[in-house]
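The values are calculated or read from the model by the stated rules, or taken from the named source; none is laboratory data. Treat the numbers as computed from the prediction; the structure is a model and nothing was measured. With ideal geometry, Cβ positions are generated from the backbone for all residues, glycine too; neighbour counts draw on all protein chains shown.
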Amino acid sequence: MKLYLDFEPCDECKTIMKDLASPEIIFGDEDLRKDESAKFLRHLTYNHSEVVQAVMKDLPKQKRSQEYDFFK
Ligand SMILES: [Zn+2]
């Protein structure tokens, strides 16, 4: 699932996003990837709560459209 976030990333965001996009993470093991994603989510929760709220608001919509695609 892809989320399109419209916000101004801070330096820490940029660092974590760079980590998440690095080959070690993308081709690394799943646990590591989960850890990094969780770290990013935690950072968003504490530092960019407006983003998390926007994501939460958007999630049910995305889920519905995915299910729709699936049954088409
Ligand atoms: Zn940030």
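Taking interchain pairs and intrachain pairs at least six residues apart, which have beta carbon atoms under 6 angstrom, with the first residue in segment 36-58 and under 26 Å from Glu24 (Cα atoms) and the second away from the ligand (no atom under 11 Å from the Cβ)?
Glu36/Asp19; Glu36/Leu20; Glu36/Ile25; Leu44/Val52; Thr45/Val52
Which one of these is touching a Lys or Arg at 6+ places or on another chain (Cβ under 9 Å), in a helix (DSSP H, G or I), among the aliphatic types (A, V, I, L, M) and away from the ligand (no atom under 11 Å from the Cβ): Ile25, Ile16?
Details: Ile16 fails: away from the ligand (no atom under 11 Å from the Cβ).
Step by step, each of Ile25, Ile16 is checked, and only Ile25 is touching a Lys or Arg at 6+ places or on another chain (Cβ under 9 Å), in a helix (DSSP H, G or I), among the aliphatic types (A, V, I, L, M) and away from the ligand (no atom under 11 Å from the Cβ).
Go through segment 46-58 and count every residue that is at pLDDT 90 or above and surrounded by 10 or more Cβ atoms within 10 Å (Cβ to Cβ). Give the steps one after another, and end with the answer.
Applying the first criterion (at pLDDT 90 or above) to segment 46-58 yields 46-48.
Remaining after also requiring surrounded by 10 or more Cβ atoms within 10 Å (Cβ to Cβ): 47-48.
So the answer is 2.
Of the residues in segment 28-45, how many are more than 12 Å from Ile16 (Cβ to Cβ) and either within 16 Å of the ligand (Cβ to nearest atom) or surrounded by fewer than 11 Cβ atoms within 10 Å (Cβ to Cβ) (or both)?
Qualifying residue count for the region: 5.
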